[in-house]
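Inspection log for the structure reproduced underneath, given as structure tokens.
The values are calculated or read from the model by the stated rules, or taken from the named source; none is laboratory data. Please read all numbers here as calculations on a predicted model, not as lab measurements. Here the Cβ positions follow ideal geometry from the backbone for every residue, glycine too, while neighbour counts run over all protein chains shown. Surface accessibility is based on the protein's heavy atoms, side chains included, excluding ligands, DNA and RNA. Shrake-Rupley method; radii C 1.70, N 1.55, O 1.52, S 1.80 Å.
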Amino acid sequence: MFEARQTMASTSAGDGTPQGAAAGAATGGRGAGGGEWSWFAPPEEERVAPPSSPGARAASPPAPGPYVANPDYGRFDPGSDAVLIRRTLEEIEPISQAVTSYFYALLFVEHPRLRELFPASMDAQRDRLFRALLTAARLIDDERVLVEYLSHLGRGHRKYGTRPEHYPAVGECLIAALTRYAVRTWSEEAEAAWVRAYTAISQIMIDAAAEDERRAPAWWHAEVVSHEMRTADIAVITVRPDQPYPFLAGQYAAVETPWWPKVWRNYSLACAPRTDGLLVFHVKAVPAGWVSGALVHRARPGDVLRLGPPAGTMTVDHSRDSGLLCLGGSTGIAPIKALVEEVARYGRARPVEVFYGARSSHDLYDLDTMREMERRHPWLSVRPVVSEGPSDGLTGRLPDAVRRCGPWHAYDGYLSGPPGMIRSGVDALVGAGIPSDRIRHDSLDDLAVAGS
Ligand SMILES: NC(=O)C1=CN([C@@H]2O[C@H](COP(=O)(O)OP(=O)(O)OC[C@H]3O[C@@H](n4cnc5c(N)ncnc54)[C@H](O)[C@@H]3O)[C@@H](O)[C@H]2O)C=CC1
């Protein structure tokens, strides 16, 4: 039923074992591009040779090029197919857990070898397929954004060991699950629309992965070189990647620890690219957070992590002169710090206003460093905001504090922190006159799992 062009060069270990298994084992406020919801493995979403071709060198972070219509998108009819697909999705949304459970059960029974691409516990995995489908369905009329989203998804899937031949298996199990559960809206036409859409979706992902494989590894190994506890549950961790890791200030990386194989979580990079190639992460251990707990309480210098490719569009647009209004809540200060370093590095002074929020003064674990940067850069202002207890600076919730200052209409907005803060922060900035296309943050769906 499904055909996938075998365009992705094989990354198998030679015995048919997916690469990830053999080795031992991701918008800024702009919709697609920032999120990574894996179809094959847990979430968390590039540029050197794949481990299978060690000679290739690092390329630059991708620059946006002119958009060229994607031939795979043309395989289905975004008009009538989109209507049928959305109808099915609406029907199964309330029973999505049953649909995804059935889907994975079928996939692992019919294709047992695919099980090794997934982590032992599927808890965090179950709704990801459905979220990816919902996102694809939401974007289906917008070829450019959809292709960008799926390409990002396809590239991000390389670190799971996904290969082109896996896609038809997933497609068949998906159709079987929909046939069983979408009883009201399913029909021959609906099935044909889903087959066309899935074929186009998977081909776009496969092609993007193949293209990426020519210039970037599927993942990087990175050795912990320093681990500093800043509070009882926040650590600043510096790592050295085994190959150059080209990224842009403000981006994030998926991280896998040796203690939870195949469980990936996103963390923002807390620095701009450095000459020594080191990367810094700020990690808060959250309750039931497997990866964050391991990174904060278990990781030590010498431990080796795996990193997925950099992702995210919360980056500095150097073509603009406007100031940067940055809201960093708790460990959300990490990418904001990277943005400040980037503005300093670029050498063209632009006003940068940082509001750094936390529950208590004690939780402002990076305030001294931010203050030190403020002393060095006259264009930078840092204002701490504390929501509970005494404060040397502003009080209340971060978005409220920002609302009380201003005016901000001449600024571009950057937000990083808990999803609730981002939501109300966006409202505050739009209310202060910043158009939404000048506000950047990471995908809220990604943040829901980030840091856990
Ligand atoms: N790229 C990004 O967006 C990053 C996001 N994070 C996220 O930051 C979060 C840190 O969590 P915590 O330390 O528990 O934050 P927290 O609960 O201590 O809150 C931090 C700040 O956000 C404000 N805030 C929290 N909820 C709010 C709401 N509903 N409305 C308005 N303001 C709100 C608080 O007033 C405080 O100033 C994690 O969820 C993590 O995933 C962390 C790093 C990067």
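Figures for the structure shown
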{"quantity": "Label-zone membership for the range 255-298, site M229, 7 angstrom Cα→C-beta point, backbone N under 13 Å", "calculated": "285, 296-298"}
{"quantity": "Chain lengthening between V183 and A98 when straightened (0.36 nm per residue, less Cα-Cα)", "calculated": "29.2 nm"}
{"quantity": "Mean separation of Cα contacts under 8 Å, 6 or more apart, over the residue count of the range 114-254: relative contact order %", "calculated": "22"}
{"quantity": "Relative contact order [Cα under 8 Å, 6+ residues apart], the range 220-307, whole percent", "calculated": "38"}
{"quantity": "Overall form of the range 323-449 per C-alpha gyration tensor (a/c, 1.5; a/b vs b/c)", "calculated": "rounded"}
{"quantity": "Residues of type lysines that K337 reaches as a straight line, Cα spacing below 19 Å, ignoring anything fewer than 8 places off in the same chain", "calculated": "K284"}
{"quantity": "Percent accessible area from carbon and sulfur atoms, the range 220-307, protein chains only, probe 1.4 Å", "calculated": "55"}
{"quantity": "Accessible area of the range 323-449 divided out per residue, in Å², using a probe of 1.4 angstrom", "calculated": "42"}
{"quantity": "Surface share of carbon and sulfur [accessible, 1.4 angstrom probe, percent] for the range 323-449", "calculated": "50"}
{"quantity": "Cleavage-rule hits, trypsin sites (Lys or Arg not before Pro), the range 237-332, DSSP coil, Cβ neighbours within 10 Å at most 15", "calculated": "R274, R298, R320"}
{"quantity": "Per-residue SASA entry for C173, accessible area with 1.4 Å probe, Å² rounded to 10", "calculated": "10"}
{"quantity": "Cα coordinate range in the range 326-388, projected on the principal axes (Å, largest first)", "calculated": "37, 19, 15"}
{"quantity": "Within the range 250-296, chymotrypsin sites (Phe, Trp or Tyr not before Pro) in DSSP loop having at most 14 other beta-carbon neighbours inside 10 Å", "calculated": "W259"}
{"quantity": "Between the range 299-364 and the range 100-144, the alpha-carbon center distance in angstrom", "calculated": "32"}
{"quantity": "Per residue, in Å², the accessible surface of the range 220-307 once ligands and nucleic acids are set aside, probe 1.4 Å", "calculated": "36"}
{"quantity": "Length-normalised contact order for the range 323-449 - Cα pairs under 8 Å, 6+ apart - percent", "calculated": "27"}
{"quantity": "Equivalent ellipsoid semi-axes, the range 354-397, via Cα gyration tensor eigenvalues times 5, rooted, Å", "calculated": "20, 10, 7"}
